[in-house]
Amino acid sequence: MDERRYTSLAISLHWLVAIGIVLNVFLALTWEYYPDESVRPAINLHKSVGITVLGLAIMRLLWRLTHRPPALHSGYQKWEVQLSHFTHFLLYAIIFAMPLTGWIMDSAWDKAAENPMFLFGAFEWPRIGFIMAMDPASKKAIHDSFGEAHEYIAFVLYALVFLHIAGALKHQYFDKQRELQRMWFSGSVE
């Protein structure tokens with residue numbers, strides 16, 4: 001195994017989370033254009049993907065805490081290394097914040113009790129009970145504030161994903177470092 005390449009599990013978790021995020025962004029940006037009968041299934045898929053991303057993020061964080069990532073190329077500037085670490089830290093925080101704010105918002109939805117949430121239609125996924133048990137005014141305040149947070153965090157996510165991709169492409173094509181191969185299953189890193 002190349003010491004500059006991530007492990008197969010880390011690579012798999014990275015790409016599964018990335019695919020989930022892209023799918024959820026696509027759904028959130030397009031469901032207002034769907035026919036009425038397709039909106040609720042799209043929102044339900046969005047919720048299922050979000051919960052799945054949360055589970056994958058937990059696995060990814062546990063793996064990361066128990067396995068050192070491969071070292072960055074020694075020729076990178078100190079500011080590049082610091083920016084990379086800071087961006088990754090924020091990405092982890094947002095990968096957790098997005099599904100958690102969505103889950104809290106969904107648990108405070110006034111129609112949550114009549115509309116159980118099923119994970120990919122397979123089994124019921126629990127909402128957060130103490131939030132569902134709150135009085136209607138408190139639930140509305142939580143729903144609205146966490147819904148707003150969910151939207152604002154999405155804009156930060158877009159910026160961070162852009163920065164993450166731009167950095168990888170800069171290192172790959174301008175610095176001539178094989179950064180993309182570090183997070184892929186094959187290809188030489190050297």
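The phi-based Karplus calculation (6.51 cos²θ - 1.76 cosθ + 1.60; θ = phi - 60°) puts the 3J(HN,Hα) values of region 46-61 at 4, 5, 4, 5, x, 5, 5, 4, 4, x, 5, 5, 4, 4, 5, 5 Hz, whole numbers, x for Gly and Pro. Residues whose amide H falls under 5 Å from that of MET117, counting only those 5 or more places apart or on a different chain, are TRP125, with hydrogens built in the peptide plane. The HN-Hα couplings worked out from phi for region 73-81 by the Karplus form 6.51 cos²θ - 1.76 cosθ + 1.60 (θ = phi - 60°) are 4, 5, x, 6, 5, 4, 5, 5, 5 Hz, whole numbers, x standing for Gly and Pro. Toward the positive end of the charge dipole of region 8-182, with +1 on the Cβ of Lys and Arg and -1 on the Cβ of Asp and Glu, the farthest Cα among ALA154, ALA93, ILE131 is that of ALA93. Taking the fewest neighbouring Cβ atoms within 10 Å as the starting point, the ordered list for ASP36, ASP106 is ASP36, ASP106. Sites listed here are trypsin sites (Lys or Arg not before Pro) in region 84-190 whose DSSP assignment is loop and whose Cβ has at most 12 other Cβ atoms within 10 Å: LYS111, LYS176.
What net charge is computed for the residues neighbouring ASP144, neighbours being all others with C-beta under 14 Å from the C-beta of ASP144, Lys and Arg scored +1, Asp and Glu -1?
With Lys, Arg at +1 and Asp, Glu at -1, the net is -2.
What is the sum of charges, Lys and Arg at +1 and Asp and Glu at -1, for the other residues whose Cβ falls under 14 Å from the Cβ of LEU13? Net local charge, LEU13 excluded: +2.
Among THR52, THR87, THR30, the largest mean-square fluctuation in a Gaussian network model of the chain (Cα springs under 10 Å) belongs to THR30. Close Lys pairs in region 65-190, defined as Cα atoms under 18 Å apart and 8 or more places apart or on different chains, number 4. Phi-derived couplings, Karplus 6.51 cos²θ - 1.76 cosθ + 1.60 at θ = phi - 60°, listed residue by residue for region 149-161: 4, 4, 5, 5, 4, 4, 5, 5, 4, 4, 5, 5, 5 Hz, with x used for Gly and Pro. GNM, the chain, Cα, under 10 Å: largest mean-square fluctuation among ALA18, ALA133, ALA168? Highest fluctuation among the options: ALA133.
Values in this text are rule-based calculations from the coordinates and carry no lab data. Owing to the predicted nature of the structure, the values given are computational and were not obtained by experimental measurement. Note: ideal-geometry Cβ built from the backbone for every residue, glycine included; neighbour counts use all protein chains shown.
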